[in-house]
Each structure stands twice: as structure tokens, then as C-alpha cells.
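Below is one structure; the comments refer to it alone.
Please treat every number below as a calculation from the coordinates, not as lab data. This one's a predicted model, so the numbers in the text were calculated from it and none came from an experiment. Virtual Cβ from ideal backbone geometry, glycine too; neighbours counted across all protein chains shown.
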Number of protein chains: 2
Amino acid sequence: MPCKTLLASGIAAKFTEELRSLIAARADGPPTLVGFLANEDPFAAKYAEWTGKTCEETGIKFELRRVDRESLEEAIVDANGDVRVNGIIVYYPVFGDRQDQYLQNVVSPTKDVEGLCHQYCYNMYHNVRFLDEEKQRKCIIPCTPLAIVKVLEHIGVYNSILPYGDRLHGKTVAVINRSEVVGRPLAALLANDGAKVYSVDVNGVQVFSRGPGIALARHKVAEVSEKAEEVLPLCDVVITGVPVESYKVDTSTLKDGVVAVNFSSYRNFPDSIKQKASLYVPSVGKVTVAMLQRNLLRLAEYQHM
Amino acid sequence: MPCKTLLASGIAAKFTEELRSLIAARADGPPTLVGFLANEDPFAAKYAEWTGKTCEETGIKFELRRVDRESLEEAIVDANGDVRVNGIIVYYPVFGDRQDQYLQNVVSPTKDVEGLCHQYCYNMYHNVRFLDEEKQRKCIIPCTPLAIVKVLEHIGVYNSILPYGDRLHGKTVAVINRSEVVGRPLAALLANDGAKVYSVDVNGVQVFSRGPGIALARHKVAEVSEKAEEVLPLCDVVITGVPVESYKVDTSTLKDGVVAVNFSSYRNFPDSIKQKASLYVPSVGKVTVAMLQRNLLRLAEYQHM
């Protein structure tokens with residue numbers, strides 16, 4: 001089988017190494033990340049545990065605070081104001097509804113390692129890459145979409161011969177999932193980098209792209225009438241994040257030699273993907289945690305600027 | 001029957017009159033409100049039409065812009081930057097999911113007549129009443145919750161003998177609906193004004209209050225195990241906003257002489273409410289539109305400060 005399977009741990013390793021040396025070299029000592037766990041969700045608890053473990057590896061001080069959800073907002077406000085705290089992560093879902101999106105905006109942008117506050121999301125959608133006019137401070141990108149970009153860079157989907165910002169020009173990508181936390185921002189990021197992106201969810205297919213000749217400064221979104229099975233054969237890269245165990249991509253619709261990346265907690269690709277794909281990345285979680293730490297270091301640096 | 005039924009039109013009339021004379025007196029001429037309609041929702045279209053009609057009555061220039069939803073974000077950004085536009089309203093739902101909450105934050109706070117952007121919501125939850133330290137600029141409050149406050153002031157539920165900010169001290173209120181757009185902010189507003197508020201939805205009952213002796217500077221939220229039918233008999237005021245036709249409050253659970261206010265598009269109180277209530281307000285929509293205009297005038301004023 002010519003398909004090469006790449007594990008997130010291997011891809012994360014170089015980032016972890018880089019983080020470790022950057023942190024060891026800091027004049028102020030290691031930065032502090034505070035995590036808030038305000039639910040009983042087993043995935044969230046596992047993610048928190050995992051954050052702690054990887055922070056230990058790189059030297060970041062990680063402090064997990066368990067709070068009840070009614071006290072969470074106040075606890076975030078306290079951490080926003082505490083100079084000893086460099087970064088904040090909240091393990092969602094908390095209320096599981098729009099109140100969670102409110103909470104994402106309660107986290108100060110100066111400490112938002114997840115990149116979920118409105119300012120960072122807005123900049124990402126609008127292809128604004130720096131926080132300042134002097135281009136000293138790069139924007140913070142949401143961790144999971146950023147992790148997937150890093151995975152695609154690692155496995156050669158981004159073409160480094162092309163100018164920065166256009167390195168996906170010519171690539172056709174499907175993103176199966178259009179959640180506000182991962183799928184939609186990911187489709188926008190990839191399209192802003194030059195790809196033609198089919199964003200697929202249960203309601204239909206949209207195209208995110210910068211148009212012919214990537215002439216636009218940022219992506220536009222258009223609804224299309226094609227169905228998923230009609231667009232998947234056109235895609236060089238298929239990225240899935242469907243949060244249900246029963247969902248499986250029909251690999252017979254994929255082009256031979258496709259690049260397949262799964263970011264769902266469940267395996268969205270069946271085993272037959274190995275007969276179709278040239279590269280297969282079955283999960284990205286470990287890269288996501290590395291990106292969280294990368295965002296933390298960046299914010300800790302900005303706090304001194 | 002001793003129950004007095006008050007129509008929103010009657011309550012709105014004094015605000016409309018006030019608005020008319022304030023607008024006529026403006027040195028710069030009437031302010032401009034831009035409404036964006038990006039859906040086919042009949043309620044939204046009706047609300048837009050209604051905004052136009054009431055703006056005509058008060059002298060506000062209202063411009064309805066129909067855009068497709070994929071172009072809406074850009075259209076809002078353009079209006080944010082256009083000095084001829086004093087206020088912006090978006091007729092939701094647009095995408096009907098979390099992307100709508102993203103759009104609420106795309107509207108500039110300087111033009112957000114609906115009061116739905118994070119800054120205004122945050123201030124409201126935190127009982128922060130001014131935008132500046134000099135207390136020259138009052139915060140913008142979301143229109144529907146503000147309309148209900150004004151209704152409660154009009155019908156004497158707010159006790160003007162008490163100090164400003166504490167005028168609901170001693171009142172017990174139920175708010176049936178805990179949506180992020182109306183129910184939750186309303187419960188917070190009333191609790192910040194001193195009430196003990198039972199916030200009721202299908203998932204259970206929460207209490208919003210500033211505690212014994214309204215000692216806290218802002219409300220806290222606590223989950224309670226009581227069911228709706230156990231707390232409703234304790235309430236002086238029952239406010240409903242359940243968006244389904246079939247829902248009706250069981251009036252046998254209400255205390256005699258209760259104040260009943262409905263903000264749903266459907267009648268949540270059955271006719272038997274008139275045997276129970278002392279005051280009954282079957283809808284608030286017209287007051288909401290008056291509050292929208294009030295917010296517009298306020299923002300137009302701030303734009304010159």
C-alpha cells in the first residue's frame with residue numbers, strides 16, 4: 001500500500017522541541033497557563049489532563065482550576081486581571097449553547113490562547129494577519145484550525161515556493177464540518193491562503209475562495225448546488241471533523257492519491273482510506289495542544305511589548 | 001374583572017412623542033438608521049417594515065438594505081465605516097446558528113442600536129451602567145430587555161421611591177425563557193435592579209439575585225431544584241417569551257393580582273390570565289421599536305462626543 005500514515009505525535013514533536021528550547025531560554029522563566037474546567041464532560045477532562053502533561057514536557061506552568069459553571073465568568077475576569085497569568089483556556093462545552101460564545105469573549109484578547117474571541121476570529125476571516133500596523137505582532141489563530149494548517153505545511157500541501165499567503169493556490173480542499181469553532185474558520189483560513197475550499201455540512205455545500213487568479217484579498221463564500229459526492233472527487237485534500245461515530249467518508253468518491261486528514265474524535269475515514277490516500281493523518285489533537293502552547297508564548301511576549 | 005390590560009401602543013406613545021421632539025430639535029437633522037434584511041423570515045420582514053413605519057412617525061431616516069447572507073458581513077463593515085450611518089440593525093436569524101452571534105460582534109459598538117455586541121452585553125451582566133469613567137455616556141441595553149424594563153417602570157413595578165439601581169428590591173419575578181438574546185439578559189437586568197428573579201426554561205430553574213439585602217454589587221446565578229410550578233406562585237411579576245404557539249402558562253399556579261407580561265410573538269398567557277392578574281401586558285413589540293430609536297439617538301449623540 002503506498003499510503004503513508006502520519007501520526008500527530010510525530011508532527012507535534014518538532015513543535016514540542018522548539019517550544020522547550022524557547023521556554024528554557026526565557027529571561028522571565030516559564031509562562032503560566034490557567035485552564036478552567038467547569039463541566040463533567042469526559043472529553044474536556046481528558047483534554048485538560050493532556051494539556052497538563054504536555055505543558056510539563058515543555059516547561060510551561062499549567063494550573064487547572066475546577067469551578068462550577070455559575071462562577072466561571074467571575075473566575076475568568078479574575079484571571080484576566082492577574083499579571084501572573086499569561087494565558088487562559090476554557091474547556092468547552094460549559095453551557096453548551098450561545099452562552100459559551102459569550103464566555104469566549106469574556107477571556108481577554110491579551111490572554112486568549114485559544115484564539116476564540118471576536119477580535120481574533122474577525123481578523124482571521126478578514127485575512128488580517130497582524131495586530132498592529134508595524135506588523136510586529138502576528139494575530140492569534142484558533143488552535144485546531146492552526147494545527148491543521150501546520151499539519152498541511154508539514155506534509156507538503158502548502159507549497160513553500162509560492163509567496164507567503166498564497167501557498168495553497170491551485171489546491172482544491174474539502175472541509176467536512178462547518179462548526180463555528182473549527183470547520184468554518186478552517187475553510188476561511190485555507191481559502192485565504194489561496195485554496196478553493198468546499199465546505200460541506202448536512203445543510204449543503206459552500207465554496208470559500210479568493211476567486212479566479214486568487215485576485216481577491218480575502219475569500220468570499222458562495223452557496224453551490226452540488227452535493228458532497230459530486231465535489232469530493234475534485235478534491236486534493238479532504239479534511240473531516242464530524243463529531244459522530246457512525247459517520248464515515250465514502251472513500252469510493254475520493255480521488256486516487258488524496259490527502260486525508262481527520263480532526264474528529266472519531267475516525268471519519270474507514271480503513272479503506274489506505275487504498276485511496278497518498279497521505280493519511282488520523283488525528284491532530286497533539287498538534288493542537290502544541291499550537292495552544294505556541295499561542296501562549298506569543299501572548300506572553302506581547303504582554304511585554 | 002379588575003384586571004387592567006395595557007397595550008404596547010399606549011406605553012410606546014409617550015416615548016414616540018419624546019423621540020419626535022428630540023429629533024425635530026437636532027441641529028444636524030434626523031439621524032440615519034440602516035437595517036439589513038438577509039433572510040426570508042416573515043417575522044423579520046414584518047419587524048423591518050414596522051421599524052420603517054415607526055421611524056417615519058418620529059422623523060428618523062430609515063434605509064432598508066436587502067442583501068444576500070454571504071454579502072452581509074461586508075455590508076455591515078461598509079456601514080460601520082460610513083459616517084452618514086448613525087445606527088445599524090440586522091434582522092435575525094440570518095444563519096440561525098452561532099454565526100449570527102459572530103455577526104452581532106461585527107456591528108461596531110458605536111452603531112449597535114440593538115445592544116447585542118459583546119461590550120454592551122458584558123457591561124449589562126456586570127451591572128456597569130456607563131461607558132466612561134466620567135459617567136457621561138450610558139451603556140446601550142439590548143432593545144427587548146430594555147423595553148420590558150420600561151414597561152415595568154410604566155406600570156409601577158419599579159418603585160421610584162427607592163434609589164436608582166435598586167428599584168426592584170423586594171420584588172420576585174419569573175422570566176420564562178432563557179435565550180441569550182432576551183431571557184438571560186432580562187433576568188440579569190432585573191436582578192441587577194434588585195429583584196429576585198426565577199429564570200425558567202425547559203432545562204430547569206435558576207435564581208438570579210444580588211443576595212440578601214441586595215448586598216452584592218451585581219447579581220449571582222444559582223441553580224435551584226424547584227420546578228416552575230413551585231416558584232410561579234411566589235412571583236409578583238411573570239414575564240414570558242416562549243416562542244411556540246402551544247405553550248400556555250398554567251394560570252392556576254399564579255398568585256392573585258400578579259403582573260403578567262408577554263414578549264413572545266405568541267400569546268403565552270391564556271384568556272384566564274384576566275381572572276388572575278392585576279395588570280396584563282399582552283405584547284411589547286412597539287415599545288421595543290421605540291427603544292431601538294432611543295438607542296439610535298443616544299449613539300448619534302455619542303458619535304459627536
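Here is how the numbers come out for the structure above:
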item	result
Convex hull volume per residue for chain B, taking Cα atoms only, in Å³	136 Å³
Rule-of-thumb Rg ratio for segment A:123-191 [Cα; 2.2 N^0.38 Å; N residues]	1.13
In range of the label at B:GLU153: residues from segment B:175-189 whose backbone nitrogen is under 18 Å from the point 7 Å along Cα→Cβ	B:186-189
Residues whose placed amide H lies under 5 Å from that of A:PHE263, excluding near-sequence neighbours	A:THR240, A:GLY241
Cα centroid separation, segment A:247-300 to segment A:212-227 (Å)	24 Å
Given charges at Cβ of Lys, Arg, Asp, Glu: the protein assembly as shown dipole, positive-most of B:LEU299, A:LEU152, A:THR253	B:LEU299
Projected label distance in nm at B:TYR247 and B:ARG267, using a 7 Å step from Cα toward the beta-carbon	1.8 nm
Net dipole in debye of chain B [+1 Lys, Arg Cβ; -1 Asp, Glu Cβ; about Cα centre; nearest 20]	920 debye
Diffusion coefficient, µm² s⁻¹, Stokes-Einstein with Kirkwood Rh over alpha-carbon pairs of segment B:204-305 at 20 °C and 1.002 mPa s	133 µm²/s
CD proxy at 222 nm, helix term only [per DSSP H run n ≥ 4: -39500 (n - 2.57); per residue of chain B; nearest 500]	-11000 deg cm²/dmol
Teacher prompt: A:ARG137 distances to equivalent labels in other copies, 7 Å Cα→Cβ, nm	2.1
Cα-based equivalent ellipsoid, segment B:145-285: semi-axes from gyration tensor eigenvalues, Å	22, 17, 14
For residues of B:93-102, the mean tally of beta carbons on other chains within 10 Å	4
Selection from A:ASN80, A:ALA24, A:TRP50 lying farthest towards where the dipole of segment A:22-111 points positive, charges on Cβ	A:ALA24
Inter-copy label distances at B:ARG298 (7 Å, Cα→Cβ; nm, one decimal)	3.6
Cα pair distances of the protein assembly as shown binned at 10 Å [whole percent]	3, 15, 23, 24, 19, 11, 4, 1, 0
For segment B:77-203: rounded, prolate or oblate by the Cα gyration tensor [a/c cutoff 1.5]	oblate
Shape category assigned to segment A:22-111 from the gyration tensor of Cα positions, a/c cut at 1.5	oblate
A:SER160/A:ASP82 FRET efficiency (R0 56 Å; Cβ-Cβ; nearest 0.05)	0.90
For segment A:197-254, the Rg and Dmax computed from alpha carbons only, in angstrom	12.8, 40
Per-copy distances of the A:GLU70 label point, shortest first, in nm (7 angstrom along Cα→Cβ)	4.6
Extension gain (nm, one decimal) between A:LYS274 and A:ARG66, 0.36 nm per residue minus Cα-Cα	70.7 nm
Environment charge of B:ASP82, counting only residues whose C-beta is closer than 14 Å and scoring Lys/Arg +1, Asp/Glu -1	+1
